[in-house]
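Right, one structure below, let's go through it.
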Amino acid sequence: MTTRNYRPGPLQRVELTADGTRWALTFQREFPQSPESVWSALTAPDEHARWSPYIADRNLASTGPALLIMNDGGNHVELDGTVTIADAPKLLEHAWATDVLRWQLDPTDSGGTRLTLTHTTDDKDSSAMLAAGWHIGLDVAALALDGTPIGRIVGTDALDYGWRELNVAYSEQLGVAVAEPPV
């Protein structure tokens, strides 16, 4: 599979709010597919392999411990992915190391899904970088769900596919300074 022809779609709706001592980045995106299809993309490891920055060591459709495996070039990192909420096909919440990912799926009037991802983190300054990464990942997920997979675009590879421009645009939208990735 090739990613040569990929360019990011339009900016998505994002918001950054204080959540106690942490920060909650909320990213919203619509998919024409049903909540059940989007749920599968979020929970099944074989689906993660098509779009996600991590691949889980098990299906995330049930609560309990999980390991999220990230591979970027030669780097292999295993992070805690403990699932705390698995209410198919409505709500999935799990750890991503010290961050928390909350995936809410709401049906739309057209039969599709409104996905609301709330990524809670300690670092406000990384919020635009996270938004840029999720933007690309969810673009790639949308293509995979449409039956036209292009392969994952993760880690430093994303720099070749519009990540920097998205980072700048989301920095402006969120009112945070532009941060550079730790590469």
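The values are calculated or read from the model by the stated rules, or taken from the named source; none is laboratory data. Computed from a prediction, not measured in an experiment: that's the story for all the values here. All Cβ positions, even for glycine, are placed from backbone atoms using ideal geometry, and neighbour counts span all protein chains on display.
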Top-ranked residue of segment 62-96 - restricted to ones that are hydrophobic (A, V, I, L, M, F, W, C) and under 17 Å from LEU145 (Cβ atoms), ranked as surrounded by the most Cβ atoms within 10 Å (Cβ to Cβ)
LEU92
Pairs where the first residue, in segment 65-89, is on the phi < 0 side of the Ramachandran plot and small (Gly, Ala, Ser) and the second is crowded, with 17+ Cβ neighbours inside 10 Å and assigned to a strand (DSSP E or B), C-beta under 6 Å, 6+ apart
ALA66/ALA56; ALA66/VAL83; GLY81/ALA56; GLY81/LEU68; GLY81/HIS94; GLY81/ALA95; ALA86/LEU92
Filter segment 123-150 down to residues that are among the hydrophobic types (A, V, I, L, M, F, W, C) and within 30 Å of THR21 (Cβ to Cβ) and give me whichever is surrounded by the most Cβ atoms within 10 Å (Cβ to Cβ).
ALA131
Of those in segment 44-56 that are in contact (Cβ under 8 Å) with a residue 24 or more places away in the chain and more than 21 Å from MET129 (Cβ to Cβ), the residue surrounded by the fewest Cβ atoms within 10 Å (Cβ to Cβ) is ALA49
Pairs only if they're at least six apart or on different chains, beta carbon under 9 angstrom, first in segment 107-122 and surrounded by fewer than 18 Cβ atoms within 10 Å (Cβ to Cβ), second among the hydrophobic types (A, V, I, L, M, F, W, C) and not in a strand (DSSP E or B); list them, first residue then second.
GLY112/VAL38
Check off (1) assigned to a helix (DSSP H, G or I); (2) over 17 Å from the mean Cα position of the chain (by Cα); (3) over 21 Å from ALA24 (Cβ atoms) for ASP125 and give me the number that stays unchecked.
(3)
Only one of LEU159, LEU130 is farther than 28 Å from ARG58 by Cα and either among the hydroxyl-bearing types (Ser, Thr, Tyr) or part of a helix (DSSP H, G or I) (or both). Can you tell me which?
LEU159
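Do we find a residue being aliphatic (A, V, I, L, M) and modelled with pLDDT under 95 anywhere in segment 109-116?
The first filter runs over segment 109-116 and keeps only residues aliphatic (A, V, I, L, M), leaving 115.
Cutting the leftovers down to modelled with pLDDT under 95 gives us none.
There is no residue in segment 109-116 that is aliphatic (A, V, I, L, M) and modelled with pLDDT under 95.
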